[in-house]
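The values are calculated or read from the model by the stated rules, or taken from the named source; none is laboratory data. What you are looking at is a predicted structure, and each value in this text was computed from that prediction instead of being measured. Every residue, glycine as well, gets a Cβ built from its backbone with ideal geometry; the counts of neighbours run over all protein chains shown.
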Amino acid sequence: MSDQPTHVLLIEDNPGDADLVRLRLVEGKTPVQVDCFNRLADGLASLTAEAPSLILLDLNLPDSHGSETFRKVLEKAPDVPIVILSGQEDEALALKAVHQGVQDYLVKGDITSKHLERAMRYAVERQALLRSLEISRKQQLEFKNQFLSHVSHELRTPLTCIHQYVSLLYDGLAGPVTPEQHDHLSTILKSVNQLHAMIRDLLEATRAEAGKIRIEQRCVALGDLLQQAVVMMQAAAQQKRVGLEIGLDRRLPLIYADPDRVLEILLNLIDNAIKFTPPEGSVVVKACLADADPAFVYVSVTDTGSGISPEAIPLIFERLYQDPNRVDGNRTGLGLGLYIAHELVTLHGGRIWVSSQPGDGSTFSFTLPVYSLAKLLLPVITQQERLRDSFVLVRVALTPLTQPPRGNWKAICQQCLQLLRRCVYVDKDLVLPPMGISGSEENLFVVASTDMARVNIMMTRIRGQLESCTELKAAGALRVTAEPLELPPVAATDSLEQQVQRVADRVTESIMHNLGCKNFAANDNHKNADRE
Amino acid sequence: MNRTKIMIVDDDPELRMALKLRLRANHYDTVSACDGYSAIALAQKEHPNLILLDLGLPAGDGYVVLKRLRDSDTLSDIPVIVLTARDPQANEDRSLEAGAAAFFQKPADNHELLEVIQATLRNASTAASSLPS
């Protein structure tokens, strides 16, 4: 240790014990500066001013007892080494603390200055070591992510070239091809696509590990996604002579999810199911409301395949895991698909699991949250557990002349939003997804908590700006209107939940009125839950 | 009648050639540029109907090209479709915000790409014809 005095924070309520420890500290060769507190709260408060070199901690204090004491300190000062001062009777507890991140413990009554000095020195050294390990682990992870991201980009470039030239040959654009050559080219294309999928999975898994996957949740009709997934996988199923069917609960509510990601999960599970199901077998995709929790829908993919061994079940969602007993006689892939599916479901707030008997097929199931306007509105229209005074529903109607191309709607929305935020002071806002029903995607609704008077003044400006925005016009938006909609006052006697629900109902009503549409399902009351 | 002209901007000569063959087979005329600087110069000279733009380019990357196009008096109407090997999560929204009409990650499905090219061209021409000149 250096010549600088070691700054020790002593949290001990027994004056006799505190004095004794202080004495032992002073007796030692190392110069120390001791701050002593007899209550945990005071000790923790002192941490904010200056982090000590070490904390000596008694577990039983006037304001905290037992394991609660060291947990609180670990939480507040994760980087400061802690040595516990334990009594003879709670040595077991002290040992438990060591398992949870405390550096060491000393039994009161046995403490000599040599003991104490040594324990302190080692605690400080170990803590520093742990910290540098943690930092280097993070650096390595970051490096690995950057490396993989770079590699996958570099791999894609030649892959694109192969893909382009093979497809030119395949489509006969470079001269006539014999049927046999056509077959070979088809095999090359299939392999290129597999390689492409692997590169994508590799990057996706890395991102999942680093917690960098982004999802954009919106209001989605799950049934449409299931149909889409089944249509996309039908060819693969037919090729293997595996039946692929769909079973939809007619009362399926709209869900709150990222449609691209849900499709990714479904394709992944269905692809797996087909892969592990022998010819003449079947794969069934089902969705219904979860019985146990009405806030979730339940989706399952059941196959009549080889099943999964009991040892493999707890490991199957692990990264890179492949069940050695599950052989599909084909290429196995990277073993990342289920891991990615697991991460995506978890990000949505759902859960995923599998049930299976070897030789008797498997069922992969997952849950996704039901779309609830009230739940989404909550952070926008409430503050400190009460409803805000004023908020508005702004509608921007975009009327494109023709069907906008892929991605265009998003760009138009973003441009509109940017303009809106420039024009109105928006405290917080919620963009209501265009209801997930294709064909109604030319309306943008924003619920914002802001001053009504200000909105009225600004609205003219917004309209002017939106209408004169040539980029929006070029993107296909010809008529842009924005109008504020006042929401009615809410009875103060209602519970917050009821108030929010009432606002949600009013917003729904306004949107339906605005759209002149009947098929916007308001999930909250399951009014129109059996929408086609 | 004038044929529709598409400008390909990519630094990989083989890929430029492959895209050119693909587009010509679909009755488009093509011109191509290999970097950001010459892309702008060529766009001014040729005034293409649509630009297929890579993001990773020498002499001004795709975003620089997008910005130059949008800031230009004469070129801001030309629709741009981004076709890049870069990661969509980091680049799709950014490209759309910068004014691209669509985003594709390489390798893109040719049929889908051609469909979007067609739709984008259709949109651009209807928007242009209905604007007061």
Being more than 14 Å from chain B (Cβ to nearest Cβ) and among the polar types (S, T, N, Q), is that true of even one residue in the range A:137-160? yes
Any residue at all in the range A:366-381 that's more than 20 Å from the chain's Cα centre (by Cα) and not aliphatic (A, V, I, L, M)? no
Counting only residues in the range A:40-64 that are part of a loop (DSSP other than H, G, I, E, B) and either touching a strand residue (DSSP E or B) at 6+ places or on another chain (Cβ under 6 Å) or of a type in the set (Asp, Glu) (or both), the one surrounded by the fewest Cβ atoms within 10 Å (Cβ to Cβ) is identified as A:Glu50
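Yes or no, residue by residue, for (1) assigned to a loop (DSSP other than H, G, I, E, B); (2) within 30 Å of A:Leu417 (Cα to Cα); (3) touching a helix residue (DSSP H, G or I) at 6+ places or on another chain (Cβ under 9 Å):
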site: B:Ile6; (1), (2), (3): no, no, yes
site: B:Ser32; (1), (2), (3): no, no, yes
site: B:Ile40; (1), (2), (3): no, yes, yes
site: B:Arg70; (1), (2), (3): no, yes, yes
site: B:Leu75; (1), (2), (3): yes, yes, yes
site: B:Arg86; (1), (2), (3): yes, yes, yes
site: B:Glu92; (1), (2), (3): no, yes, yes
site: B:Leu113; (1), (2), (3): no, yes, yes
Expected output for the range B:91-102 (first residue within 22 Å of B:Leu121 (Cβ to Cβ), partner of a type in the set (Lys, Arg), Cβ below 7 Å, 6+ apart or cross-chain) is B:Leu96/A:Lys410; B:Ala98/B:Lys67; B:Gly99/B:Arg70; B:Ala102/A:Arg406
Give just the number: which of (1) crowded, with 22+ Cβ neighbours inside 10 Å; (2) modelled with pLDDT of 90 or more; (3) within 12 Å of chain A (Cβ to nearest Cβ); (4) more than 29 Å from A:Gln194 (Cα to Cα) does B:Ala127 not satisfy? (2)
Which residue pairs have Cβ atoms under 8 Å apart, sit 6 or more places apart or on different chains, and have a first residue in the range A:338-358 that is of a type in the set (Phe, Trp, Tyr) and a second that is buried (at least 22 other Cβ atoms within 10 Å of the Cβ)? A:Trp353/A:Phe364; A:Trp353/A:Phe366
Considering only residues of the range B:95-111 that are touching a helix residue (DSSP H, G or I) at 6+ places or on another chain (Cβ under 7 Å) and farther than 15 Å from B:Leu52 by Cβ, which is nearest to the other protein chains (Cβ to nearest Cβ)? B:Leu96
A:Arg214 - would you say it is outside any loop (DSSP other than H, G, I, E, B), in contact with a helix residue (DSSP H, G or I) (Cβ under 9 Å, 6 or more places away or on another chain) and of a type outside the set (A, V, I, L, M, F, W, C)? no
